[in-house]
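Q: Next up is a structure, given as structure tokens.
The values are calculated or read from the model by the stated rules, or taken from the named source; none is laboratory data. This is a predicted model, so every value here is computed, not measured. Note: ideal-geometry Cβ built from the backbone for every residue, glycine included; neighbour counts use all protein chains shown.
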Amino acid sequence: MKLKGKVAVVTGAGGGVGKAITKRIASEGGKVVLLGRDRSKLIKVIGEIKEKKNLLAVKADITKEAEVLNGIEQTISTFDTIDILVNSAGLLTDPTPFHLTTEDEWMLLINTNLLGTFRTTKAVLPLMMKNREGCIINISSILGMRAIPNVPFSVYGVTKAGVIMFTKSIAVEYGQYGIRCNCIAPSTIRSPIVEPYLQDDQARKILEASFPLQNIGEPEDISGAVSYLCSKDARWITGTVITVDGGISARQ
């Protein structure tokens with residue numbers, strides 16, 4: 001029960017990774033506020049967790065500041081404080097050559113992946129500063145650290161690179177208040193987007209063979225890293241990026 005009594009806000013809690021993070025924090029004694037655009041998905045996640053009294057579902061779109069602030073207000077009203085923020089919400093659009101990408105498509109990615117992370121972080125910082133402690137974890141991607149040939153995710157990569165630099169900046173600026181900010185950069189994680197490729201045995205084998213560990217990641221691989229970074233074991237870790245990628249960064 002490493003996180004017993006801690007209050008966590010998890011954005012994108014209705015998605016695969018957000019769901020796994022929510023379950024992991026709850027299993028370790030934490031109280032979790034699930035933020036997401038689809039409340040029915042959040043309620044479904046809560047239905048799969050035993051300690052429901054320590055969970056709260058709040059419909060919130062991170063691209064809208066008023067909804068973010070409402071989610072934070074509901075968290076404080078229900079649980080009095082916020083110890084942990086996990087910025088798990090994000091958007092990945094279909095790969096598109098940069099010269100064919102519209103400005104609306106750019107802004108959708110920037111508003112969600114980058115500004116969405118800004119909004120939630122800004123909303124929790126005053127309380128964490130007052131408490132003189134807090135833990136913020138941002139979910140980026142290895143695509144924020146390197147580009148992949150023949151896979152055009154330029155704008156997505158830029159947003160995730162921005163999340164990495166934002167992590168470092170917050171860690172340095174707010175460390176004086178006892179606030180830690182770290183980042184997790186996953187590679188391919190099993191998700192509804194990836195699942196169609198896994199149905200084809202040949203395609204699945206090719207994908208898995210690209211990783212030194214010979215398999216793709218699971219949402220629980222991310223939640224395990226989140227659990228560690230939230231715990232006292234990581235009390236002197238801040239401003240860092242942990243790659244959870246099956247070793248592919250080392251290979252390439």
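Q: Filter region 147-201 for residues that are among the small types (Gly, Ala, Ser) and outside any helix (DSSP H, G or I); which is farthest from Gly15 (Cα to Cα)?
A: Quick first cut of region 147-201, residues among the small types (Gly, Ala, Ser) only: 147, 154, 157, 161-162, 169, 171, 175, 178, 185, 187, 191.
Next, only the ones that are outside any helix (DSSP H, G or I) stay: 147, 178, 185, 187, 191.
Details: Ala147: 25, Gly178: 30, Ala185: 17, Ser187: 16, Ser191: 9 Å.
Result: Gly178.
Q: Continuing with this model, one more query. Mind counting the residues in region 1-32 that are part of a helix (DSSP H, G or I) and either at pLDDT 95 or above or over 16 Å from the mean Cα position of the chain (by Cα) (or both)? Spell out the reasoning first.
A: Within region 1-32, the subset part of a helix (DSSP H, G or I) is 16-27.
From what's left, either at pLDDT 95 or above or over 16 Å from the mean Cα position of the chain (by Cα) (or both): 17-27.
Qualifying residue count for the region: 11.
Q: Continuing with this model, one more query. Could you give me the residue pairs with C-beta distances under 7 Å whose first residue belongs to region 178-200 and is more than 15 Å from Ser223 (Cβ to Cβ), whose second residue is in a loop (DSSP other than H, G, I, E, B) and of a type in the set (D, E, K, R) wherever it lies, and which are 6+ apart or on separate chains?
A: Once the first residue is more than 15 Å from Ser223 (Cβ to Cβ) and sits in region 178-200, its partners that are in a loop (DSSP other than H, G, I, E, B) and of a type in the set (D, E, K, R) give Gly178/Arg132; Gly178/Glu133; Ile179/Glu133; Ser187/Asp245.
Q: Quick one: would you say Val32 is aliphatic (A, V, I, L, M), surrounded by fewer than 24 Cβ atoms within 10 Å (Cβ to Cβ) and touching a helix residue (DSSP H, G or I) at 6+ places or on another chain (Cβ under 9 Å)? Let's see the steps before the verdict.
A: Working: aliphatic (A, V, I, L, M): yes; surrounded by fewer than 24 Cβ atoms within 10 Å (Cβ to Cβ): no; touching a helix residue (DSSP H, G or I) at 6+ places or on another chain (Cβ under 9 Å): yes.
Against the criterion (aliphatic (A, V, I, L, M), surrounded by fewer than 24 Cβ atoms within 10 Å (Cβ to Cβ) and touching a helix residue (DSSP H, G or I) at 6+ places or on another chain (Cβ under 9 Å)), Val32 does not qualify.
Q: Out of region 181-204, which residues are modelled with pLDDT of 90 or more and either among the aliphatic types (A, V, I, L, M) or surrounded by fewer than 11 Cβ atoms within 10 Å (Cβ to Cβ) (or both)?
A: Ile184, Ala185, Ile189
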